[in-house]
Amino acid sequence: SAVISQKPSRDICQRGTSLTIQCQVDSQVTMMFWYRQQPGQSLTLIATANQGSEATYESGFVIDKFPISRPNLTFSTLTVSNMSPEDSSIYLCSVMGPAGVEQYFGPGTRLTVT
Amino acid sequence: AQSVTQPDIHITVSEGASLELRCNYSYGATPYLFWYVQSPGQGLQLLLKYFSGDTLVQGIKGFEAEFKRSQSSFNLRKPSVHWSDAAEYFCAVGDNQFYFGTGTSLTVIP
């Protein structure tokens, strides 16, 4: 399975500011995903990021709030813009595995907005 | 509509006892099914997966799961739980897009 790292691992931010989360994979992958896990909740898919194309956002998530970059096959960023306390969550990136079905997850970024 | 239900929000078992975590799904086609574990402050680790074939699948850390099409279930089992198994467990279904259950929190008591 791929080794996935995320930066930062955690952060405390003030409302109205933005935070960019980085996701680095140790091998080239086509499909990357960004999820949000609110406190005590399950995972919700924010968007799918394929290299060379615009990210595809799920219902309830918009590009202005969560812009995503995917400059190459091993790296992606998610920005949480104009943050409010409701954005306090764990943000996880994942990649599609070699079988083309399973997903492997990074360690997550724990974001607290005050 | 696709969905995953984990009926047990929280389970407590004694160390050495057996464990079964329930998962029911609704999916329009033959599903791909997964179990993930999330330890405190960690990301999700894939325990096991079912694509096709033998309905009893073996995973890491001594876990297994059984796919029962007639019951739309994919329950996770372990014959003897260790204290280090205390974590949050998520069942998921899907292919390109995953649908996760709400998770079952496992506490292991000595």
Restricting to segment A:99-113, and then to whatever is in contact (Cβ under 8 Å) with a residue 40 or more places away in the chain and out of contact with any Cys (no Cβ under 8 Å at 6 or more places or on another chain), can you tell me which residue is farthest from the other protein chains (Cβ to nearest Cβ)?
A:109
Looking at the structure I just gave you, is residue B:63 surrounded by 15 or more Cβ atoms within 10 Å (Cβ to Cβ), closer than 30 Å to residue A:5 by Cβ, among the aromatic types (Phe, Trp, Tyr) and modelled with pLDDT of 95 or more?
yes
Residues of segment A:68-96 being more than 11 Å from residue A:31 (Cα to Cα), polar (S, T, N, Q) and within 14 Å of chain B (Cβ to nearest Cβ), in sequence order, are A:89
Counted residues, segment A:10-67 - those being away from every other protein chain (no Cβ under 12 Å), of a type in the set (Phe, Trp, Tyr) and in a strand (DSSP E or B)
2
Scan segment B:18-47 for residues that are surrounded by fewer than 20 Cβ atoms within 10 Å (Cβ to Cβ), assigned to a strand (DSSP E or B) and within 10 Å of chain A (Cβ to nearest Cβ) and jot them down.
B:45, B:46
Quick check on this structure: which one of B:90, B:100 is in contact with a Gly (Cβ under 7 Å, 6 or more places away or on another chain) and either within 14 Å of chain A (Cβ to nearest Cβ) or open to solvent by 60 Å² or more (accessible area, probe 1.4 Å) (or both)?
B:90
Do you know which of the residues in segment B:48-60 that are open to solvent by 60 Å² or more (accessible area, probe 1.4 Å) and polar (S, T, N, Q) is nearest to the other protein chains (Cβ to nearest Cβ)?
B:52
Inter-residue pairs, beta-carbon under 6 Å, first under 13 Å from residue B:93 (Cβ atoms) and in segment B:64-79, second assigned to a strand (DSSP E or B) and open to solvent by 40 Å² or more (accessible area, probe 1.4 Å), 6+ apart:
B:72/B:24; B:73/B:24
How many residues are of a type outside the set (S, T, N, Q) and surrounded by 22 or more Cβ atoms within 10 Å (Cβ to Cβ) if we restrict to segment A:76-89?
2
For segment A:96-114, what are the residues that are at pLDDT 95 or above and of a type in the set (Val, Ile, Thr)?
A:109, A:112, A:113, A:114
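The values are calculated or read from the model by the stated rules, or taken from the named source; none is laboratory data. Note that the structure is a prediction, hence the values are computed from the model and not measured. Reconstructed Cβ throughout: ideal geometry from the backbone, glycine too, with neighbour counts over all protein chains shown. Heavy atoms of the whole protein, side chains included, go into the accessibility calculation; ligands, DNA and RNA do not. Shrake-Rupley method; radii C 1.70, N 1.55, O 1.52, S 1.80 Å.
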